[in-house]
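Please read the structure below before turning to the comments.
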Amino acid sequence: MTITRFAPSPTGHIHVGNLRTALMNYLIARKSGGTFILRLDDTDRERSKQEYADGIQRDLDWLGLHWDRIERQSDRLDRYAEAAEGLRQSGRLYEVFETPTELDLKRKKQLNMGKPPVYDRAGLNLSAEDVAKLRAEGREGYWRFLLDQERIEWPDGILGDISIDAASVSDPVLIRADGQVLYTFASSVDDADMGVTHIVRGADHVTNTATQIQIIRALGANPPAFAHHSLLTGAHGEELSKRLGVLAIKDLREAGVAPEALLSLMARLGSSQPVELRMDLDTLADGFELSQFGASPTKFDAEDLWPLTREANQARPFEVVRDRIAALGVPAGLAERFWRVASQNITKLDDLGGWWEIFSQGAEPQIDPEDAEFITEAMKLLPPPPYTDTSWAEFTTAVKDATGRKGKGLFMPLRKALTGQAHGPDMSDVMPLLQVVRARG
């Protein structure tokens, strides 16, 4: 069975880059009838917050990315301790004591000598007496994984064949001096224990993948199939900062972006397929292929979400928005007609409120100076509401006969006087919804 996972850290709100990772893993599982795991990587006790964990789940639920099960790394600390002890016993985990300053000096020395700044494995040469002396001096030990210095290779689902020389990579720190298990280790233990078969994540994790492949094998498991998607940039190729609030999923939701619009864009962005609105995840999954994605940085422009949002909202059946329309105060007898008329003239669902305000309270008339006298005469021919499906035709015919105006010179000034808008729904559809007409005086 295919098993994928999305493993965010609940240290902040998820953003579009996180969503790209979550969606790709979700679609792989959905397409194969497999399992999608939401795993909260919450071992950072200081920065992990329940409010962010709740927010991650709320964002995914809004998008329809429903997980088959949820895991929390904070519930698995005993398992990490057990796995770490196993690696110690096998000689793959060793204790080191260098301070950040000492490591920095070592790196600078290596660079000056023209060597790669790779950890020199000095910790392997420490005797029991050396360790005791360092601890007596107040040094705190932390733990590194001993890499096999060989080439680490895998067929990447997006980048193609990858080969990294382990000798060019420092032995990764897996456990801090305070006992906190770091991402590289906890994630490897989880992926091994949970039987994860496929992992898609950002291209910035390629080196992590190389080391995690060795860690997973040292744990006695087979590594998953890996794929690394390109990183997102801004619309002009600039660095896309995750700190920009507009890129947080919660902020896009609150701005009125349709979930289908966001999913449709993110599921095809950076691939050879065109971005087209899909209203359900099954359709998105059917057309999803990792092999169609490229390695080059991918431009993301939030403005691209609005045409898709407009299309998604205009495609919604009345039943989906019934409660929202009722909350606006639209009478039940007019609700379905209101949706049919207003839906084709909105981008965000929140735009419905503006249309109901026009229909229920009347619009501020927009009257050009050259049309003032004409509108005054025309409004004398408009009876008070309620109006019917034929009211607009009857009214404009009467005004035409009385003033001699026709075409755009007749219809546009009347539209602007009645709705305050130069564009909008067909006026024959608008008239039966008008409860108040301010232009009548």
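The values are calculated or read from the model by the stated rules, or taken from the named source; none is laboratory data. Just so it is clear, the structure is predicted and the values come from calculations on it, not from any experiment. With ideal geometry, Cβ positions are generated from the backbone for all residues, glycine too; neighbour counts draw on all protein chains shown.
Here is the figure for the range 76-132: residues that are within 22 Å of I215 (Cα to Cα), part of a loop (DSSP other than H, G, I, E, B) and not β-branched (V, I, T) total 9. Of all residues in the range 83-118, which are more than 19 Å from Y142 (Cα to Cα) and not aliphatic (A, V, I, L, M)? Answer for the range 83-118, where residues must be more than 19 Å from Y142 (Cα to Cα) and not aliphatic (A, V, I, L, M): K108, K109, Q110, N112, G114, K115, P116, P117. Here G270 meets the list (1) surrounded by fewer than 17 Cβ atoms within 10 Å (Cβ to Cβ); (2) within 24 Å of G12 (Cβ to Cβ) almost entirely, failing just condition (1). On the stretch given as the range 183-207, residues that are of a type outside the set (A, V, I, L, M) and either part of a loop (DSSP other than H, G, I, E, B) or under 12 Å from F145 (Cβ atoms) (or both) total 5. The conditions of being in the same structural domain as K408 (by TED's automatic domain parsing), more than 30 Å from G237 (Cβ to Cβ) and surrounded by 19 or more Cβ atoms within 10 Å (Cβ to Cβ) are met by S343. Screening the range 403-429 for residues that are more than 15 Å from P365 (Cα to Cα) and among the small types (G, A, S) and picking the one that is surrounded by the most Cβ atoms within 10 Å (Cβ to Cβ) gives S428. For the range 55-89, a residue qualifies if it is without any contact (Cβ under 8 Å) to a residue 12 or more places away in the chain, charged (D, E, K, R), out of contact with any strand residue (DSSP E or B) (no Cβ under 9 Å at 6 or more places or on another chain) and closer than 23 Å to V181 by Cβ, and the qualifying residues are D75, D78, E82. Among the residues of the range 284-303, those that are surrounded by 15 or more Cβ atoms within 10 Å (Cβ to Cβ) and part of a helix (DSSP H, G or I) comprise L284, A285, L290, A302. Can you pull out every residue in the range 1-34 that is modelled with pLDDT of 95 or more, among the β-branched types (V, I, T) and not in a loop (DSSP other than H, G, I, E, B)? Answer for the range 1-34, where residues must be modelled with pLDDT of 95 or more, among the β-branched types (V, I, T) and not in a loop (DSSP other than H, G, I, E, B): I3, T4, T21, I28. Candidates in the range 136-187 are the residues that are at pLDDT below 95 and charged (D, E, K, R); of these, the one that is farthest from the chain's Cα centre (by Cα) is E137. Kindly indicate whether any position in the range 35-47 is surrounded by 17 or more Cβ atoms within 10 Å (Cβ to Cβ), in a helix (DSSP H, G or I) and modelled with pLDDT of 95 or more. Within the range 35-47, none of the residues are surrounded by 17 or more Cβ atoms within 10 Å (Cβ to Cβ), in a helix (DSSP H, G or I) and modelled with pLDDT of 95 or more.
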